[in-house]
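The values are calculated or read from the model by the stated rules, or taken from the named source; none is laboratory data. Note that the coordinates shown come from a computational prediction; the quantities given were computed from them, not determined experimentally. Cβ placement follows ideal geometry from the backbone for every residue including glycine, while neighbour counts extend to all protein chains displayed. Note: accessible area is taken over every heavy atom of the protein model, side chains too, but ligands, DNA and RNA are not part of it. Shrake-Rupley method; radii C 1.70, N 1.55, O 1.52, S 1.80 Å.
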Amino acid sequence: MAETDHHHDHGEGSELPDIALRVKSLESLLIEKGYVDPEALDLLIETYEHKVGPRNGAAVVARAWTDPGFKKHLMEDAGAAIASLGFVGRQGEHMVALENTPETHNMVVCTLCSCYPWPVLGLPPVWYKSAPYRSRAVGDPRGVLEEFGTQIPEGSAVRVWDSTAEIRYLVIPMRPEGTDGWSAEQLAELVTRNSMIGTGVALTPEQLEASQQA
Amino acid sequence: MNGVHDMGGMHGFGPIDPEPDEPVFHTQWEARVYGLASAFGAVGDWTLDADRHATETIAPHIYLNASYYEKWFLSMHTLLLAGGYVSEEELASGKMATPARPVEGVLRPAGVEDYVHDASLSSRPAGSDPAYAVGQQVRARNTNPPGHTRLPRYARGRIGTVEGIHGCHIFPDSNAHGRGEQPQWLYSVRFTAQELWGAGQPRRTDIYIDLWEPYLGQVDTDD
C-alpha cells in the first residue's frame, strides 16, 4: 500500500485536499463516539486485502471446467453452487453464471455505480469503476474488448450485462486448449480476474508459463 | 436522478487504463475508508440504496474527479450527518462534541468473519404474478425521476425482450428515500445495440439490463 505517484495515473489519487488527514480524523471521531471498533476495522481490511479475491472465482471456474455435475449446478443455481465452495457474503447474494462459448462472449459492467461480485472476485479494480469503462462497455463493447487486446472467436455474439440490480454476474471463460488432464488447481492458474469480468479470456498454458518466468 | 453517475453511452472519458498488478488498496486511507464504511454498515440505519443515492448526489464536478474511495468518504459524510450520528462541527474538528446516538450491533473483531459472510438478500416474497413473461417485448419507460432510480437513461424509451425473471426484489426508488422496500418483479431485459444506439451498430451485440416492473411498459404505449 505504498503511496506512489502511480496511483494518480489511475484515478485513485486525491481530489480532496488532506484526504489522508480527514480520514484519520473521521476514524478517531467514530471510534470516540463508539460506533466502530478499530480492531474490527483492521480485520475487515485484512479480510478483503488478503482473503477475498479473484482466486475464489478462479476456483469456481476451474471446478466447472473439470466437474460436469458442478458446472450444471452452477449454470442452474450459481448462488448455491458457489456457496457449496464456501464463497458467500456481501455483494454475492444473488449470483448468475454466464458461460462464454465459441458463439457467445459475455462481459459485465455497472454503468450506474460499481456493482461487483465481491465474494468471488474481491473488490473491483480501478478501471472497472472508472468513467471510461462504465460509459463505453455498453455503448461500444467490441471496441472495449479490442482496447483490452481481447480476441473473441470470429462471428461471436457479444452480450453485455449491466448490473443495475442486486444480481451479480460471474463470467465462466472458455477452457483453453492444451489443458487436457490438468487438475482443477492447475487450471485455476489460467483464470484471470478479467476473464471472469469478460474483458479478457483465460490464459493459455504458454501465456501462464511466460508469466511465471517473467 | 439524471446525474453524471449514469454514464452508459457517454463519450469523451478517454481510454480505459488498467493498472498491472493493481493492489487492493493504493493507500492506507483508502483501506481505512473502506473499513469505516463497512464497519459502520453494521450500525447505520441507512440502506444500500440510500448509500448509492448519497454517492449520486455528490456535485458533478467532484464526482467526476474524485476517486472511488473519496466518493465513499463523501457519501459517508452525507449519511452520518443525515442520520444524526455526527455533527458538522464534529466532522470539522474530528472531536466528539455531542453525545453519540445510541446504536446496537457495533461490529467487534469476533463478529467480522460472520459479517463478511452474511448475506443480505434483496429478494422478497411475491405478492402478485409478474406482469410480463419471458420472450415478451417491453418498452422501458421514458421517465426522469429526480430521486434515486436504477433505470439507466440509455435504456429509457427503448424496446427490449424479457429474457429472465429474477423474482421480486426491494425497489430501490422507494427504499433509497425511506419509503419502504415495496418489492417489485425484477426482469432481465435484452436490448439490441441497434435499438439502443441506432443503425450502423454491429449485429449480434446485446445489452442485458436488470429492470424492475415499474420501469417497464407495454410496447404499444409511449411511456
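List of remarks:
- Shielding by partners, peptide A:88-96 (average Cβ within 10 angstrom, other chains): 5
- For A:Ile172, the residues whose amide H sits under 5 Å from its own are A:Leu98, A:Glu99, A:Asn100, ignoring neighbours fewer than 5 places away on the same chain, with H placed 1.01 Å from N.
- Taking every C-alpha pair closer than 8 Å and separated by at least 6 residues, the mean separation divided by the residue count of chain B gives a relative contact order of 19 percent.
- Per residue, in Å², the accessible surface of the protein assembly as shown once ligands and nucleic acids are set aside, probe 1.4 Å: 43
- Taken about its Cα centre, segment B:125-223 carries a charge dipole of roughly 340 debye when the Cβ of each Lys and Arg holds +1 and the Cβ of each Asp and Glu holds -1.
- Amide proton proximity set for B:Thr205, modelled H, under 5 Å, gap of 5+: A:Val158, B:Ala193
- Rounded to the nearest whole Hz, the Karplus-based 3J(HN,Hα) values (6.51 cos²θ - 1.76 cosθ + 1.60, θ = phi - 60°) of segment B:210-217 follow the sequence 8, 10, 7, 3, x, 7, 10, x, with x at glycine and proline.
- Taking every DSSP bridge with both residues inside the protein assembly as shown, close to 55 percent are antiparallel.
- Three principal axis extents of segment B:28-117 based on alpha-carbon atoms, in descending order, are 40, 33, 27 Å.
- Accessible surface of segment B:123-217 [probe 1.4 Å, protein heavy atoms]: carbon and sulfur percent: 45
- Shielding of peptide B:1-8 by partners, expressed as the average count of other chain Cβ atoms within 10 Å per residue Cβ, is 5.
- A:Tyr133 exposes around 0 Å² of accessible area when a 1.4 Å probe is run over every protein chain in place.
- Under 5 Å from the amide H of A:Thr104 lie the amide H atoms of A:Ala157, each residue being 5 or more positions distant or on a separate chain, with H modelled from the backbone and absent for Pro and chain starts.
- Positive end of the dipole of the protein assembly as shown (Cβ unit charges, origin at the Cα centre): among A:Val160, B:Trp212, A:Gln186, the Cα lying farthest that way belongs to B:Trp212.
- Charges were assigned to the Cβ only: +1 to each Lys and Arg, -1 to each Asp and Glu. The resulting dipole of segment B:1-117 about its Cα centre is roughly 320 debye.
- Interface A-B: total buried accessible area of about 8100 Å², 1.4 Å probe, protein heavy atoms only.
- Spin-label pair B:Phe13/B:Lys95, simplified geometry with 7 Å Cα→Cβ offset, distance in nm: 4.2
- Of A:Pro38, B:Ser123, B:Gly44, farthest towards positive along the dipole that unit charges on Lys, Arg, Asp, Glu beta carbons give the protein assembly as shown: B:Ser123
- Shielding value for A:50-58 is 1, the average number of Cβ atoms from other chains within 10 Å of each residue's Cβ.
- Ranking B:Gln28, B:Thr192, B:Phe73 by Cα position along the charge dipole of chain B, where only Lys, Arg, Asp and Glu carry charges on their C-beta atoms, puts B:Thr192 farthest toward the positive end.
- Dipole magnitude of segment B:48-204, debye to nearest 20 (Cβ charges: Lys/Arg +1, Asp/Glu -1, about Cα centre): 860
- Segment B:25-100 - percent of accessible surface contributed by carbon and sulfur, probe 1.4 Å: 57
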